[in-house]
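All of the numbers you see were taken from the coordinates with simple rules; none came from a lab. Treat the numbers as computed from the prediction; the structure is a model and nothing was measured. Note that we place each Cβ from the backbone using ideal geometry, even for glycine, and neighbour counts take in every protein chain shown.
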2 protein chains.
Amino acid sequence: MLLVRYMSQEQSQRMQSMCESAKAHVDDLLVLLSKSKMLSTLYVMNCDPDPMRFSEIKKRVDSSSTTVARRLGELEDHGLVTRTAYATVPATVEYALTKDAIALQPSLESMFEWVLNRADSSL
Amino acid sequence: MLLVRYMSQEQSQRMQSMCESAKAHVDDLLVLLSKSKMLSTLYVMNCDPDPMRFSEIKKRVDSSSTTVARRLGELEDHGLVTRTAYATVPATVEYALTKDAIALQPSLESMFEWVLNRADSSL
DNA sequence: CCGCATCCCTACGGATACTG
DNA sequence: CAGTATCCGTAGGGATGCGG
């Protein structure tokens, strides 16, 4: 599939009317990914294939619990993470990426590699 | 280089004190990339190796001129795009990615591929 | 320990209008 | 055409505090 908005003028004309809803979905995902700490959250979880507990994620992402909870909630809504609560005392909740999210790993990894290189070279 | 925050506890302890500034730079870049339309802007410009004019970018990204101008300005500040103005009437300005930004292309492309697939399958 | 609800508050995005 | 300046509304992030 090709993305109308990013094509040159001629081809896009025809398709414009069709996949308006697809455009909406794409924007949806881009908005999701652009939320604060979202990339970090996904990256952190991708680093470690095992399910991860809330506080561990929070520590590594280094953000408020509010924000972390929001991001995890949004990811769950989009079917990118699964949440499993255990009836222990105190509570234990584990988050795991779905395989759809794991498919993002290579992209994320190379993106972070790029970020790290740039951060280095600007020291 | 390794990123302290995303490592497991033990190793990070030692390094924590050192590269605090690196952390700041990384966060800087992540914040930059997380701004609205930033990923789209980079992707659009990456699709086409040739320099691109303001209105063309604006059209493809589909955002207000304010936002597009802001994003391009920020990218220029970070050395990711170069701006070239020609003394024509009316004015002509071309934007091109620097090679640092072009290095991001593979990541962006696979990330967008993922986004498109997901947008499709959720129709 | 987990994480939602509330409040506050800023910063960001968009519309509009105006310059070279 | 390619912006900048201004204003404004709102989304969204953080702190705190409570409940499970």
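In order along segment A:68-79, phi translates into HN-Hα couplings of 4, 4, 4, 4, 5, x, 5, 5, 5, 4, 8, x Hz, rounded to whole numbers, per the Karplus curve 6.51 cos²θ - 1.76 cosθ + 1.60 with θ = phi - 60° and x for Gly and Pro.
Here the Karplus curve 6.51 cos²θ - 1.76 cosθ + 1.60, taken at θ = phi - 60°, turns the phi angles of segment A:101-110 into couplings of 5, 5, 5, 7, 3, x, 4, 4, 4, 6 Hz, with x standing for Gly and Pro. Using a Förster distance of 30 angstrom, determine the FRET efficiency expected from the C-beta separation of A:GLU113 and B:VAL31, and round it to 0.05. The value I calculate is 0.95. Distances between copies at A:ARG70, taken between label points 7 Å from Cα along the C-beta direction, are 1.7 nm in increasing order. Neighbouring Cβ atoms from other chains, within 10 Å of the Cβ of residues in A:104-114, number 6 on average. Distances, shortest first, from the label point of B:SER121 to those at the same position in the other copies read 3.5 nm; the point lies 7 Å along Cα to C-beta. Using a cut-off of 21 Å between Cα atoms, the listed pairs A:LYS23/B:LYS35; B:LYS37/B:LYS59; A:LYS23/B:LYS59; B:LYS59/B:LYS99; A:LYS58/B:LYS37; A:LYS59/A:LYS99 include B:LYS59/B:LYS99; A:LYS58/B:LYS37; A:LYS59/A:LYS99 as exceeding that distance. Taking a ≥ b ≥ c as the square roots of the eigenvalues of the alpha carbon gyration tensor, segment B:35-121 is prolate, as a/c is not under 1.5 and a/b beats b/c. For B:SER36, the distances from its label point to the matching points in the remaining copies are 1.6 nm, ordered from shortest, with each point set 7 Å beyond Cα toward Cβ. Close amide H pairs (under 5 Å, H built 1.01 Å from N) link A:ARG53 with A:TYR95, residues at least 5 positions away or on another chain. How much net charge surrounds A:SER122 when only other residues with a Cβ under 11 Å from its Cβ are counted (Lys, Arg +1; Asp, Glu -1)? Here the count lands on -2. B:ILE102 sits among other residues whose Cβ lies under 12 Å from its own Cβ, and their net charge, with Lys and Arg +1 and Asp and Glu -1, is -2.
Close amide H pairs (under 5 Å, H built 1.01 Å from N) link B:VAL81 with B:GLU76, B:THR98, residues at least 5 positions away or on another chain.
Inter-chain Cβ neighbour count for A:22-29, averaged per residue, equals 5 (cutoff 10 Å, partner chain atoms only). Going from the residue with the fewest nearby Cβ atoms within 10 Å to the one with the most, A:VAL115, B:VAL31 rank B:VAL31, A:VAL115.
Near B:THR67: Cβ cut-off under 14 Å, other residues only, Lys/Arg at +1 and Asp/Glu at -1. The net charge is +4.
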